[in-house]
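See structure below.
The values are calculated or read from the model by the stated rules, or taken from the named source; none is laboratory data. Please read these numbers as outputs of a predicted model, since none were measured by experiment. Virtual Cβ from ideal backbone geometry, glycine too; neighbours counted across all protein chains shown. Only protein heavy atoms, including side chains, enter the accessible area calculation; ligands, DNA and RNA are left aside. Shrake-Rupley method; radii C 1.70, N 1.55, O 1.52, S 1.80 Å.
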Amino acid sequence: VTGALERKMKSLGVKIFLNEPVRDIVIRDEKAAGIILEKSGKSVDADAVVIATGGLSYPSTGSTGDGYRFAKEAGRHLFRLYAQKMM
């Protein structure tokens, strides 16, 4: 399924950045207008941004909670977040 989704996005000209940490989401006129990459500092303009960072509840998967920070900085309402250590 992921392969089919990736092929379709590429055929539509969607730029995909896997395993490329994002430092910030660029907001213009209250809309996501691009990203700034962490390592290179490169700015990538976009018509839309999909944030797929995982959740705060499972840090063992590599999620840092950045998605929540991006959403908050974009003016989105967040519910109170909890993290629970899994044994």
Per the filter on the range 1-20, residues open to solvent by 60 Å² or more (accessible area, probe 1.4 Å) and touching a residue at least 12 places away in the same chain (Cβ under 8 Å) are Lys15, Phe17
Please indicate, with yes or no, whether at least one residue in the range 52-74 is surrounded by 10 or more Cβ atoms within 10 Å (Cβ to Cβ), outside any helix (DSSP H, G or I), modelled with pLDDT of 90 or more and on the phi < 0 side of the Ramachandran plot.
-> no
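Modelled with pLDDT of 90 or more, surrounded by 14 or more Cβ atoms within 10 Å (Cβ to Cβ) and within 15 Å of the chain's Cα centre (by Cα), is that true of Leu37? First the steps, then the outcome.
Numbers: modelled with pLDDT of 90 or more: yes; surrounded by 14 or more Cβ atoms within 10 Å (Cβ to Cβ): yes; within 15 Å of the chain's Cα centre (by Cα): yes.
Yes: the conditions hold for Leu37.
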